[in-house]
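Just so you know, all these numbers are worked out from the coordinates, no wet-lab data involved. Given the structure is predicted, the values throughout are model-derived calculations rather than measurements. Quick reminder, even Gly has a Cβ in these numbers, built from the backbone with ideal geometry, and neighbours come from all protein chains shown.
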Amino acid sequence: MGTVWPMRRVERLDEAVWPALEHTEPLLVIPVGSCEQHGRHLPMSTDTLIATSLAERAVALVDGALLGPPLTVTASGEHQGFPGTLSIGNQAMEAVVVELVRSADWARGVVLVNGHGGNRAAVDAATRRLDHEGRRVLSWWPRVPDEVDGGDLHAGHVETSLLLALAPHLVDRSAARAGPALDRAAMTRVMSEGLRPVSPDGVLGDPTAASADHGHELLGLLTGQLTAAIEAWDRSPT
């Protein structure tokens, strides 16, 4: 079992009234997910569920943090060949992040908890622009141990273990099938043709040995990484 973190009540923006936020300058934590296929065994909301869970845990541990609403439809063009996927594309995603952070000038900073690697280009471009404008924004990406990270990029061991820990009722283990690892040649095909020609089931990695116990271990590891990153960034000079 992973680390057991002491938890306090999560402060949520969607439950707040504006006078409670005046003169407080909270740290706004935004989960960034997606609505896209995750194989035959995981739900469309996988990235959002993981990002939101990690953001909730961080908010419960960081003083003055406030949980914002998740971004649930983002840049998922590489999954467009699968029914159910929704995507706004990179250009729109970049604009959404920029305008969202600009609108949060009442906060002392914004933390983006990223759950979907396909948003990397848009989020990186947005944060560069926001940094240039002098706005405080931290873009955090999860990093799992090397032994499970290689080739396990989508709906594989890691994401399936996390969902078994977070929402086991949404995981159909009987439908889990191993997909290919993503080498350079496969990545080129994904970028030009989308994921489906490379992995007809929509999986990159092997979810068949995933477990809830490993999912809890990963949640503890990632919560520690995220909390440490937020606290270090929040203490850094403006």
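Expressed as cubic angstrom per residue, what is the convex hull volume of the alpha carbon set of the range 172-230? It would help to have the intermediate numbers written out before the result.
Details: hull volume 7.3 nm³, N = 59.
It comes to 124 Å³ per residue, whole-number rounded.
Between the C-alpha center of the range 21-83 and that of the range 152-176 there is a gap of 17 Å. Under the combined filter of DSSP loop state and at most 13 neighbouring Cβ atoms within 10 Å, the range 138-238 retains these trypsin sites (Lys or Arg not before Pro): Arg143.
A Cβ-based charge dipole, computed about the Cα centre of the chain with Lys and Arg at +1 and Asp and Glu at -1, lands at about 160 debye.
Add +1 for every Lys or Arg and -1 for every Asp or Glu among the other residues with Cβ under 13 Å from the Cβ of Leu54, and state the total. Present the calculation step by step, with values, prior to reporting the outcome.
Details: positive: Arg57, Arg143; negative: Asp47, Glu56, Glu159.
Charge balance near Leu54 sits at -1.
Counting only DSSP beta bridges whose two residues both lie in the chain, roughly 15 percent are antiparallel.
Kindly give the semi-axes, whole Å and largest first, of the ellipsoid equivalent to the chain, taking each as the square root of 5 times a Cα gyration tensor eigenvalue. The partial results should precede the final answer.
Details: eigenvalues 182, 89, 45 Å².
The three semi-axes for the chain are 30, 21, 15 Å.
Label separation (Ala181 vs Val17): 5.7 nm, computed from points 7 Å beyond Cα along the C-beta direction. With the Cα gyration tensor of the range 111-238 giving a ≥ b ≥ c as the square roots of its eigenvalues, does the rule (a/c under 1.5 for rounded; else a/b larger than b/c for prolate; else oblate) give rounded, prolate or oblate? In terms of gyration-tensor shape, oblate. Once C-alpha pairs closer than 8 Å and six or more residues apart are averaged by separation and normalised to the residue number of the range 24-227, the relative contact order reads 26 percent. Each of Arg135 and His169 was given a label point 7 Å from its Cα along the Cα-to-Cβ line. The distance between the two points is 3.7 nm. Each Lys or Arg adds one and each Asp or Glu subtracts one; over the other residues with Cβ under 11 Å from the Cβ of Ala155, this totals -4.
Of the trypsin sites (Lys or Arg not before Pro) in the range 7-62, the ones in a loop by DSSP (not H, G, I, E or B) with at most 15 other beta carbons within 10 Å are Arg8, Arg9, Arg40.
For the charge dipole of the range 24-227, defined by +1 on Lys and Arg C-beta atoms and -1 on Asp and Glu C-beta atoms about the Cα centroid, which residue among Gln225, Gly109, Leu49 has the Cα displaced farthest towards the positive pole? The residue sitting farthest along the positive end of the dipole is Gly109. Loop-located GluC sites (Glu not before Pro) in the range 91-142 (DSSP state other than H, G, I, E, B) with a sparse environment of at most 14 neighbouring Cβ atoms within 10 Å: Glu133. Around the amide H of Ser76, modelled in the peptide plane, lie the amide H atoms of Ile88, Gly89, all under 5 Å away and 5 or more residues distant in sequence or on another chain. With the biggest extent put first, the Cα atoms of the range 1-126 measure 47, 39, 23 Å across the principal axes.
Among the complete DSSP H segments of the chain, which ones combine at least 30 Å of alpha-carbon extent along their axis with a mean Kyte-Doolittle hydropathy of -1.0 or more? Intermediate results must be reported in sequence, preceding the final value.
Details: long enough: 212-235 (34 Å, -0.05).
Span-like helices in the chain: 212-235.
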